[in-house]
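The values are calculated or read from the model by the stated rules, or taken from the named source; none is laboratory data. Because the structure is a prediction, the values reported are computed rather than measured. Counting neighbours? That spans all protein chains shown, and the Cβs are built from the backbone with ideal geometry, glycine included.
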Amino acid sequence: MITKRRPSLKPRKVPQQSRAEHTVAAIREAAAGILETRGMEGLNTNLVAKRAGVSVGTLYQYFPNKDALIVALSLRQQAAFYAEAEGALDQPTGQTALKYLITVSVHQQLRRPALARALDFEEGRPAIAKELGTSKAAFQALTHRILARDDIPPQDNIEIATDDALAIVRAVVDAAGERGEVDRGALERRVGRALFGYLGISALDPAKSRARRKPSL
């Protein structure tokens, strides 16, 4: 029995010079623009190449297929998101770090909402999710470190709590994106209430949380 090989979703080559880097960036941005306006159904390599101002042959030098473009776009978005999210670790408390993460998550979703929604859907496909596993694991580890801070109530299972926390943020933010919401402040407050409630934090006030955790004498 002959097993059909799954097409590779990895870049065929990595740009080494600034001109090549500019070409790859143009291809990614062209794909992003098409996803925003036409969705996955309207995305094809000929159109991406035309919008990027390159030949299809040049595009194929870097991206073997349409799914490889999706992976590249998702990795670009996740890298930008993680670079911002890392600032949460500089926050003085776990609660302020969580609020920081919420702000970054909301801004990421609403900055380019149509693109975010399209990528969220595509990232649910097993082949795409497999390619993104390492980058998502890094964000999980970051969230885990925050939940382990002293002012966050202890969780029965911190690994499960980490997964749940990320799912809560993603679900509320994605739903807001689907509705076309633009009020970031209101969305941040709703996400905060949902997440802090799940974690057993009764108020968005680190001092109150620490006071509640002090053992009685």
Checking Ile160 against (1) over 22 Å from Ala32 (Cα atoms); (2) buried (at least 16 other Cβ atoms within 10 Å of the Cβ), which single condition isn't satisfied? (2)
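Taking helices (runs of 4 or more DSSP H) that fall entirely within segment 91-134, which contain at least 1 residues that are more than 14 Å from the chain's Cα centre (by Cα) and farther than 20 Å from Arg28 by Cα?
94-111, 126-131
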Is segment 76-84 home to any residue that is assigned by TED's automatic domain parsing to the domain that holds Ala137, of a type in the set (A, V, I, L, M, F, W, C) and crowded, with 17+ Cβ neighbours inside 10 Å? yes
Residues of segment 171-189 being part of a helix (DSSP H, G or I), farther than 17 Å from Thr96 by Cα and either touching a residue at least 24 places away in the same chain (Cβ under 8 Å) or touching a Phe, Trp or Tyr at 6+ places or on another chain (Cβ under 8 Å) (or both), which ones? Val173, Asp174, Ala176, Gly177, Glu178, Arg184
Step by step: first the residues of segment 131-157, then only those that are in contact with a Leu (Cβ under 9 Å, 6 or more places away or on another chain) and more than 22 Å from Val104 (Cα to Cα), then the one that is surrounded by the most Cβ atoms within 10 Å (Cβ to Cβ). Which residue is that? Glu131
Determine whether Ala88 is farther than 24 Å from Ala127 by Cα, assigned to a helix (DSSP H, G or I) and either in the same structural domain as Gly197 (by TED's automatic domain parsing) or among the polar types (S, T, N, Q) (or both). yes
Within segment 53-69, restricting to residues that are touching a Leu at 6+ places or on another chain (Cβ under 7 Å) and free of Cβ contacts under 8 Å to residues at least 60 places away in the same chain, the one that is surrounded by the fewest Cβ atoms within 10 Å (Cβ to Cβ) is Lys66
Flagged pairs (Cβ under 8 angstrom, 6 or more apart or on separate chains; first in segment 101-125, under 13 Å from Gly185 (Cα atoms); second outside any helix (DSSP H, G or I)) are Leu110/Glu181; Leu110/Val182
Ala161 is checked against (1) assigned by TED's automatic domain parsing to the domain that holds Ala79; (2) at pLDDT below 95 and fails just one. What number does that condition carry? (2)
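From the list Ala52, Ala72, pick out the single residue that is at pLDDT below 95 and at negative phi.
Unique residue meeting the criteria: Ala72.
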